[in-house]
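Read-outs: derived from the displayed coordinates by stated rules, not from any lab. Owing to the predicted nature of the structure, the values given are computational and were not obtained by experimental measurement. All Cβ positions, glycine included, derive from the backbone under ideal geometry; neighbour counts span all protein chains shown.
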Amino acid sequence: MPTAFRQSDLEAYLDEALPAEEMALFERALREDRALMRQLTAVHARRNAGVHSLGEIWRRHRLSCPTREQLGGWFLQTLPDETADYVAFHLEIVGCRYCQANLRDLQAQVAEDQKTVQTRRRKYFQSSAGYLRSAK
Ligand SMILES: [Zn+2]
């Protein structure tokens with residue numbers, strides 16, 4: 001396999017910011033390619049020395065990531081088109097694992113909230129049914 005990875009890919013790999021498929025591809029390449037391994041080691045050493053590229057700083061601080069509110073809005077389809085397109089791009093094309101995890105968490109929370117509301121309704125209904133019965 002030719003070394004078709006760029007510096008930014010190496011950094012993304014170290015940050016585990018590549019889409020899952022690319023992470024696997026990269027790991028396979030690493031095992032077969034000593035030059036790539038050396039390159040990765042060099043990037044790692046440089047980072048430990050406190051030198052950061054712009055791409056790396058960007059990822060570290062997640063400047064391109066939508067906010068949790070925007071992710072929630074995207075999930076509930078309440079965002080303006082332009083923002084929704086951006087979030088979709090970020091999740092599906094960029095494949096940001098941080099935001100994907102965040103979104104899964106939001107979805108779980110929404111599902112949990114719905115369950116709570118249903119339980120509360122049922123309890124309320126049961127208690128008022130009991131009240132109506134005993135009031136007869
Ligand atoms: Zn993100």
### Summary
The answer for CYS65, listing residues at least 5 apart or on another chain whose modeled amide H is closer than 5 Å to its amide H, is none
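Work out the FRET efficiency for GLN126 and SER64 from their Cβ-Cβ distance, taking R0 = 41 Å, and round it to the nearest 0.05. Intermediate results must be reported in sequence, preceding the final value.
Values: r = 49 Å, r/R0 = 1.19.
Efficiency for this residue pair is about 0.25.
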### Length gained when the stretch GLN39-GLU27 is fully extended (0.36 nm per residue, less Cα-Cα span)
3.0 nm
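Expected output is a single nm value to one decimal: the length gained when fully extending between THR119 and ARG46, i.e. 0.36 nm times separation in residues minus the C-alpha distance. What is it? Please list the in-between numbers first.
Values: separation 73, 0.36 × 73 = 26.28 nm, distance 5.46 nm.
My answer for the length gained is 20.8 nm.
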### Query
Quick one: if you stick a label point 7 Å off each Cα along the C-beta vector at SER8 and ILE93, how many nm between them?
1.3 nm
